[in-house]
1. Of all the Cα-Cα pairs you can form in the range B:41-159, what percent are over 21 Å apart?
2. Evaluate E = 1/(1 + (r/R0)^6) for A:Val440 and B:Ala245, where r is the Cβ-Cβ distance and R0 equals 51 Å; express this FRET efficiency to the nearest 0.05.
3. Can you tell me how the range A:396-468 classifies by the Cα gyration tensor, rounded, prolate or oblate, using a/c under 1.5 as the rounded cut?
4. Within chain A, which DSSP H helices have Cα atoms that stretch 18 Å or more along the helix axis and a mean Kyte-Doolittle hydropathy of at least 1.0?
5. Averaged across A:527-534, how many Cβ atoms of other chains sit within 10 Å of each residue's Cβ atom?
6. By the gyration tensor of its Cα atoms, with a ≥ b ≥ c the square roots of the eigenvalues, what is the shape of chain B: rounded for a/c under 1.5, prolate for a/b over b/c, or oblate?
7. Using a simple spin-label model with points 7 Å from Cα along the Cα→Cβ vector, what separation in nm is obtained for A:Arg66 and A:Ala418?
8. Is there a pair in B:Lys91/B:Lys246; A:Lys81/A:Lys395; B:Lys27/B:Lys67; A:Lys149/A:Lys233 whose C-alpha atoms are over 31 Å apart, and which pairs would that be?
Amino acid sequence: MVALLTLLSALPALAQEAAKDPAYRAFPLIGSRLAVWAVAQLHLNFAAFILGVPIFAVIIEIIGWRTRDAQYDWLSHELVKLTFAAFSTTALLGALLLFLFIGYYPKFWTYMTSIFFPTYGVYAGLFFAETFTVYIWYYGWDWLSGSRKWIHVSLGVLSNLFGTAILLVANSWVTFMMSPAGIDDSGALKGSVWAAINNFTWMPINIHRLIANIVFGGTICAAYAAFRFLGAKTDEERARYDWMGYIGNFVALSAFIVLPFAGYYLGREIYAFNQTMGITMMGGFMSWLWIIQAILIGVLFMGSNYYLWLGMERIPGSERYRRYVPMLIGILAFGFMVWATPRSMVITLDEARAMGGTHHPLLGFLGVMSAKNTAVNMMILTTFLSFILYRRANKVSTRPWVGMGMAIQWAALGVAAAIVIFFGVYGYFVESLVRIGFSVYQVLAVLGAIFVVMAIDIPMFKGARSTGAIRWGTIAPRSQYVLILLAVTFTWLMGLMGFARSGIRQHWHVYGVMRDNSVDAVTPAIGYAANMITVVTIAFFLLVLFIFWLGGLGEKGKAEAHGHAAPVIAGGSDASAGGPRGGRSPRLP
Amino acid sequence: MKVGAFALVVMGSYTYYANSIPQIQSKPPAELSLEGGNVTTAQLVKAGEEIFHTKGTCEICHRIGQKGTRAPDLAGIGSRAAKTKPGMSAKQYIIESLLQPGAYLVEGYPNIMPQVDKPPIALNRSEVWALTAFLESLGGTAEVKLDDIPKTAGASAAGGAPAEIKLPGDPKAGEVVFSTKAACIACHKAGKIGASPVGPDLSQIAKIQTPDYIMKKILDPAGSGTVAGFPKGVMPPMFGQTLTAKEYMDLVSFLLTLK
């Protein structure tokens with residue numbers, strides 16, 4: 001922390017010195033690019049985790065505070081503990097990244113400083129504020145309990161606001177490199193730094209990263225819970241971590257279903273900034289990258305749904321919904337295939353001749369945006385349906401209007417699906433400008449259906465008759481591997497998207513303004529990038545394991561003394577007994 | 001151990017797949033300088049073909065012998081170009097298309113082509129010359145000379161300063177015209193002023209459009225095309241009659257400050 005602040009205070013002098021330096025220096029053995037790549041990806045992984053987890057940790061704390069359910073308070077504390085352990089590693093990696101830029105890309109850093117110097121002080125101030133707030137939030141858990149709980153919750157909210165502000169500042173630097181604004185033709189800042197901050201891709205990246213951070217935090221927490229579940233010695237422990245895994249996955253899934261919309265917004269702004277950049281991204285040398293992305297997202301959708309279906313097995317009464325699962329699998333699988341179908345890509349003349357053009361004569365029709373928008377909206381609807389079935393698995397509504405309510409819910413889902421498919425097909429018969437507008441109707445139909453179904457579902461199942469408590473801890477162990485699959489896949493996907501975001505600048509440090517004249521100016525092919533992403537992802541998980549282990553060492557034997565004894569979750573008993581024993585069943589979303 | 005092995009298998013499969021598909025790098029373009037040197041037509045055409053496939057990034061949208069959805073097929077452009085725009089030879093048309101792509105649009109295609117001598121493509125004058133020769137050779141004869149390429153072409157390549165345009169207008173007075181007499185503010189946002197979403201946001205218009213386009217658009221809105229996603233025929237066509245010459249220059253000067 002001190003090192004970081006000292007470094008920030010010395011930046012102007014360093015920047016001036018850098019002007020006299022060579023444009024580039026070579027990092028020993030692996031080269032400067034790989035060094036920056038590895039540290040930047042690791043830093044972003046940790047930063048995403050420590051920014052994403054507190055968002056839902058504070059929401060869970062508020063639920064626990066308002067419902068007086070200690071289990072939520074325990075979970076929130078557990079989540080902040082994980083964040084806290086990763087906090088200093090994130091800061092160290094950030095400082096290391098800064099050293100690398102100043103040392104190995106001095107001219108580039110001088111240029112960035114000439115534009116963004118006023119933001120450095122803001123960033124440092126926010127970092128200070130966030131650090132202190134998180135410290136008080138974590139260490140003041142017991143001190144600020146009872147009648148002072150509102151102060152504690154406010155600290156959690158405040159730390160999230162500071163964290164989000166840090167994200168916005170850092171995003172302005174990275175988005176300026178993609179879509180520079182507020183500068184004249186020589187690259188100098190024209191007026192206020194605000195114009196450089198508020199560039200074309202700043203707000204879309206802010207939104208996309210904020211949502212993605214929540215998904216990422218959820219998947220990592222769920223994976224942590226899975227890891228603890230698989231190593232659990234008692235039924236109580238298994239029940240606790242089964243519940244924690246479910247909550248982590250629930251949070252990740254809730255945020256994940258809106259992530260594709262944020263992605264489309266970002267893509268649209270990239271095209272608005274520069275058509276060439278957009279076309280290079282989607283149809284140029286990066287075209288294959290999106291096929292891999294589609295596969296990863298398909299895995300995430302399938303995995304999330306599979307986890308919910310496996311989870312239903314531990315809920316008495318869920319048997320009646322099993323018959324829907326094959327239909328859900330069918331829709332997801334078809335959507336997956338459509339999303340993974342390329343429209344056009346860089347191919348050789350021979351390949352084009354063999355295929356009869358750059359587009360496949362039959363499958364090419366599934367590669368356009370009409371088909372892909374339809375597929376993703378149907379996958380989101382399907383995932384939502386899986387969640388609804390899970391939610392009501394052990395509930396039988398006692399409301400007299402249940403028949404009407406169900407009919408309206410099915411009608412809402414059916415109408416939404418019909419609207420999505422209608423505009424998907426109609427999109428083939430209209431101009432592209434009209435077609436782009438159709439995606440808005442499709443999204444609104446899906447969001448509208450989700451709203452209508454939930455608005456009916458909540459009162460319909462309030463006070464419902466239970467067919468039995470959830471047998472927490474009795475879920476099949478393979479479900480925990482699904483949670484690990486989701487965390488690994490999402491982390492890998494983040495690395496891939498980082499490569500895409502950075503790679504579309506091609507041989508420019510700052511697109512169209514400052515060329516990359518280093519020996520690493522070649523943008524590597526997808527295989528090389530994948531190798532690098534995998535190595536860094538492995539390093540990330542090893543570091544996470546180490547940090548969690550260290551955090552666990554400090555907590556051993558202290559939990560109960562601090563009043564954070566792990567709660568007993570209903571169902572944490574002998575699985576063969578088939579029923580709950582001990583503890584209350586938590587009120588779940 | 002089992003969890004670690006599982007995670008490695010998952011990442012390994014993604015990595016294997018990524019390595020098994022076509023591997024395409026994006027190499028930084030090399031600078032070509034032919035000025036002052038002796039170069040044969042064949043060498044020039046070959047250099048132009050290389051630029052077409054690499055630094056020019058033409059292939060992203062254009063194909064040769066295949067109709068594209070984003071841009072016209074360039075097969076036979078060397079002969080076809082002479083008949084495309086009345087009064088222009090094939091050479092003149094091709095040069096204009098490269099340096100001022102919006103000046104003439106082939107029917108059915110959007111106005112999306114960037115100026116090839118400006119960043120990020122940033123071809124220099126020699127490269128524009130070679131590329132023109134290559135395009136002429138597609139169905140015609142390469143006869144372009146270096147002197148046919150304007151001396152200003154490529155002046156701002158690679159981030160260098162472009163030829164500066166000085167207009168005898170007052171941007172501050174133009175801002176007043178924008179908000180009052182011309183009432184552009186009714187439909188357009190321009191930096192800190194205006195908020196209407198009826199027409200495109202002009203906050204960065206000088207960055208994404210040329211002065212020529214801006215000047216023409218004010219006088220002939222319908223003839224300059226409509227930005228994607230906005231309704232056609234909404235912008236009034238009578239500014240040439242209602243604004244004085246000074247007001248017109250002031251307005252253009254103001255718009256050119258919006259970057």
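1. Values: 2049 of 7021 pairs.
That tail contains 29 percent of the Cα-Cα pairs.
2. Values: r = 43 Å, r/R0 = 0.84.
The computed FRET efficiency comes out at 0.75.
3. Numbers: a/c = 4.54, a/b = 3.45, b/c = 1.31.
Note, shape of the range A:396-468 comes out prolate.
4. On the way: long enough: A:32-67 (52 Å, 1.38); A:70-104 (50 Å, 1.07); A:106-139 (42 Å, 0.54); A:149-178 (43 Å, 1.24); A:202-230 (41 Å, 1.09); A:235-256 (31 Å, -0.28); A:259-273 (21 Å, 0.47); A:287-312 (39 Å, 1.33); A:325-339 (21 Å, 2.19); A:369-391 (32 Å, 0.83); A:402-426 (35 Å, 1.88); A:432-460 (42 Å, 1.81); A:477-503 (39 Å, 0.90); A:526-555 (42 Å, 1.86).
Helices meeting the span and hydropathy rule in chain A are A:32-67, A:70-104, A:149-178, A:202-230, A:287-312, A:325-339, A:402-426, A:432-460, A:526-555.
5. Working: counts 10, 4, 3, 8, 3, 1, 4, 8.
The mean count of partner-chain Cβ atoms within 10 Å per residue comes to 5.
6. Verdict is oblate for chain B.
7. Taking the two extended label points, one gets 3.6 nm.
8. Details: B:Lys91/B:Lys246 37 Å; A:Lys81/A:Lys395 34 Å; B:Lys27/B:Lys67 27 Å; A:Lys149/A:Lys233 33 Å.
Exceeds cut-off: B:Lys91/B:Lys246; A:Lys81/A:Lys395; A:Lys149/A:Lys233.
Only the coordinates and a few stated rules stand behind these numbers; no lab work does. Nothing here was measured: the structure is a model prediction, and the numbers come from that model. Every residue, glycine as well, gets a Cβ built from its backbone with ideal geometry; the counts of neighbours run over all protein chains shown.
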